[in-house]
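The structure appears right after this line, and notes come after that.
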Amino acid sequence: MEDPIRVGLAAGWKHVDASALAHSQTIDVDVVIVGTGAGGGIAACKRRRTRLKYLLRIGVRFW
């Protein structure tokens, strides 16, 4: 099974490491997927051929 993140990056997805930003940044997207586990990864992979702009939020911690 191919890695959907690797495939997406090869197809032109942009990657922003928010932990390395020196200032706030506004990103214009149509859909936000929180978490790239089983559900989020599949949701992103299945919709990668649409013309919508997606933001995948990974590494979420709530403690």
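The values are calculated or read from the model by the stated rules, or taken from the named source; none is laboratory data. This is a predicted model, so every value here is computed, not measured. Using ideal geometry, Cβ is built from the backbone for each residue, glycine included, and neighbour counts are taken over all protein chains shown. To get the accessible areas, we keep the full protein, side chains included, count just its heavy atoms, and leave off ligands, DNA and RNA. Shrake-Rupley method; radii C 1.70, N 1.55, O 1.52, S 1.80 Å.
Structure data summary
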{"quantity": "Filter pass, residue 16 being open to solvent by 80 Å² or more (accessible area, probe 1.4 Å) and β-branched (Val, Ile, Thr)", "calculated": "no"}
{"quantity": "Every pair of residues 6+ apart whose Cβ atoms lie under 9 Å, when the first sits in the range 1-17 and is more than 13 Å from residue 41 (Cα to Cα) while the second is open to solvent by 90 Å² or more (accessible area, probe 1.4 Å) and not in a helix (DSSP H, G or I)", "calculated": "9/15; 16/25"}
{"quantity": "Residue within the range 36-48 that is in contact with a strand residue (DSSP E or B) (Cβ under 7 Å, 6 or more places away or on another chain), surrounded by 10 or more Cβ atoms within 10 Å (Cβ to Cβ), of a type in the set (S, T, N, Q) and free of Cβ contacts under 8 Å to residues at least 40 places away in the same chain present", "calculated": "yes"}
{"quantity": "Subset of the range 27-42 (residues that are of a type in the set (A, V, I, L, M) and at pLDDT below 80)", "calculated": "38, 42"}
{"quantity": "Residue 24 vs. criteria at pLDDT 80 or above, out of contact with any Ser or Thr (no Cβ under 9 Å at 6 or more places or on another chain) and loosely packed, with under 11 Cβ neighbours inside 10 Å", "calculated": "yes"}
{"quantity": "Candidate set from the range 49-63 (those that are open to solvent by less than 80 Å² (accessible area, probe 1.4 Å), part of a loop (DSSP other than H, G, I, E, B) and of a type outside the set (Ser, Thr, Tyr)); member that is modelled with the highest pLDDT", "calculated": "59"}
